[in-house]
1. Taking amide H positions as placed in the peptide plane 1.01 Å from N, state which residues far from Gln350 in sequence (5 or more) or on other chains have amide H under 5 Å from it.
2. Compute the FRET efficiency between Ser99 and Met410 as 1/(1 + (r/R0)^6), taking r as their Cβ-Cβ distance and R0 = 60 Å, and round to the nearest 0.05.
3. With a ≥ b ≥ c taken as the square roots of the eigenvalues of the C-alpha gyration tensor of the range 172-259, please select rounded if a/c is under 1.5 and otherwise prolate if a/b is larger than b/c or oblate if it is not?
4. Would you calculate the separation in nanometres between label points at Asp403 and Thr283, each defined as 7 Å from the Cα along the Cα-to-beta-carbon direction?
5. Over the alpha-carbon set of the range 3-240, divide Rg by the Kirkwood Rh and report the Rg/Rh ratio to two decimals.
6. Report, ordered by chain and residue number, the aspartates and glutamates lying within cross-link reach of Lys348, taken as a straight Cα distance under 14 Å and ignoring same-chain residues fewer than 8 apart.
7. Go through Tyr33, Val150, Gln70 and say which Cα lies farthest out towards the positive end of the charge dipole of the range 3-240; charges sit on Cβ, +1 for Lys and Arg, -1 for Asp and Glu.
8. Which value in Å is the Kirkwood Rh of the range 195-314 over different Cα pairs?
Amino acid sequence: MCAIFGVWGVENMLAAMLVYNGLRAMQHRGTGYSGMVSFGPDRHVYRKVGRGVVQEVFDTKTLAIDLPCQNVLGHNRYATVEDKEGGSISDNAHPIVGSWHGIPVAIAHNGNLTNVTDLKNALPVDSCVTSIDTELILRRFCLTFTDDPVVAIKQALDGVRGTYSLCLLLPDMMIAVRDPSGNRPLSIGLRDDGSICIASETSAYESVDAEYVRDIAPGEIVIIRDGGMSVDYLSTLSSKRYAYCVFEQIYFSAPGSVVFGESVARFRVRLGEALEKHCPALTGTIVVPVPDSANFIAQGYALNGRSGKLQTAILRNHYIGRSFIEPTPELREDRIRHKFQSIPGLIKGQNIVLIDDSVVRLSTLPHVVSLLRKAGAKEVHCRIAAPLIVGSCHYGIDTPTLDELAANRMGVEDMRKVVEADSIEFLTLDVLRGLNQEGEFCYACMDGKYPPSMEPAEL
Ligand code: SF4
């Protein structure tokens with residue numbers, strides 16, 4: 001899970017400031033690395049990347065000097081174990097830069113390729129300098145013989161499996177592409193000065209005074225030049241079988257975004273209503289979300305009042321980021337320990353229905369329930385909005401190995417005991433499926449059925 005933000009045609013030379021704000025608005029999609037690339041009039045490559053969050057990597061006082069351009073491509077990368085174990089500071093940061101017939105090109109990617117070995121074998125030995133799959137697309141692009149960059153990207157992506165929302169920057173154009181499954185979001189925004197933005201999430205547009213125009217369709221290629229925008233389609237677009245990641249709706253995306261055609265916040269409220277309908281907690285007096293990802297789900301859960309009233313009773317320290325995206329167990333546990341704070345005055349003597357979005361490793365919930373107990377809760381009933389997670393994700397989410405997934409290690413009753421809750425219930429997959437358009441979503445980490453178009457070739 002990563003964030004892409006590109007902007008083309010900003011009137012003044014402050015495109016980098018817009019990308020800075022756009023990336024900062026999507027910090028939740030990745031805190032491992034941040035990077036930006038732009039090209040000068042002489043095709044000089046400006047690239048600034050680093051480890052950490054946007055504010056740590058870029059200095060706003062020098063941004064306009066470091067990247068003095070009208071067109072800039074930026075990226076936040078979600079750190080994986082791979083990032084921790086090796087590589088120099090900038091090795092695995094996007095955008096990556098290459099040379100296509102002597103013309104510089106930068107690429108930023110959100111997703112994950114599933115036939116990396118085949119793609120590597122098809123390239124000359126030692127073609128890649130990083131360990132990231134995105135570079136395989138870049139190298140394929142740079143090796144094409146055509147002088148048309150749109151034909152080049154089609155050729156480069158022909159035979160590439162997995163998921164990719166991409167943005168490429170060349171000196172005279174920006175190209176955005178979404179893979180035929182549409183697994184990760186990517187959209188177009190427009191500013192008053194006529195500049196065009198490409199963003200992983202629509203909520204980023206507000207921070208740069210842009211209007212969300214539309215999503216890039218699965219398999220669509222959007223080409224942006226000084227004269228305007230045109231579209232083309234991938235040659236691999238054979239069927240309209242989409243595989244939108246349902247976890248974007250449940251957890252990853254910001255509530256203010258529109259993802260896969262629906263407001264994320266509105267989806268989460270619907271999800272909460274469905275959870276209450278199928279998993280009520282009739283002795284509950286207050287419904288408490290695990291903040292922030294379960295806030296809107298809890299709102300939906302409490303709507304009819306049958307299982308208690310909505311009450312914010314746990315606070316989240318906003319100076320501590322998402323524990324899920326920490327690459328090691330030690331870092332995750334440390335982050336969870338310091339992430340939440342209870343409000344005893346609102347908890348004491350209550351029967352609490354604790355709402356969480358999902359259980360992956362079962363590392364957060366025991367800690368939160370113990371906070372509630374210490375604060376004097378009488379009963380604690382956990383209700384989880386995602387079905388049991390039993391499979392790994394091969395499409396850009398660094399989910400744990402099968403053994404690390406709590407649902408593969410123990411049954412629901414054992415989870416209840418570990419959590420020390422009075423009850424724990426999960427939404428069923430059938431109910432979750434019923435909330436979305438049939439045949440358009442990926443649920444592979446819940447049902448093990450990997451969409452045929454992106455089935456991992458290397459399992
Ligand atoms: Fe999303 Fe799960 Fe599918 Fe991965 S496997 S794309 S996390 S629904």
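Each value in this text was obtained by applying a stated rule to the coordinates, not by laboratory testing. As the structure is a prediction and not an experimental result, all values here were calculated from the model. Cβ coordinates were reconstructed from backbone atoms using ideal geometry, including for glycine residues, and neighbour counts include every protein chain displayed.
1. For Gln350, the qualifying residues are Lys378.
2. On the way: r = 52 Å, r/R0 = 0.87.
The calculated FRET efficiency here is 0.70.
3. On the way: a/c = 3.03, a/b = 1.09, b/c = 2.78.
Cα axes put the range 172-259 in the oblate bin.
4. Those two pseudo-labels are separated by 3.8 nm.
5. Values: Rg = 16.2 Å, Rh = 17.5 Å.
Reported Rg/Rh (Cα atoms, Kirkwood Rh): 0.93.
6. Counting by Cα, and skipping residues close in sequence, Lys348 has these aspartates and glutamates nearby: Glu379.
7. Ranked along the dipole, the leading option is Tyr33.
8. In the range 195-314 this quantity evaluates to 16.8 Å.
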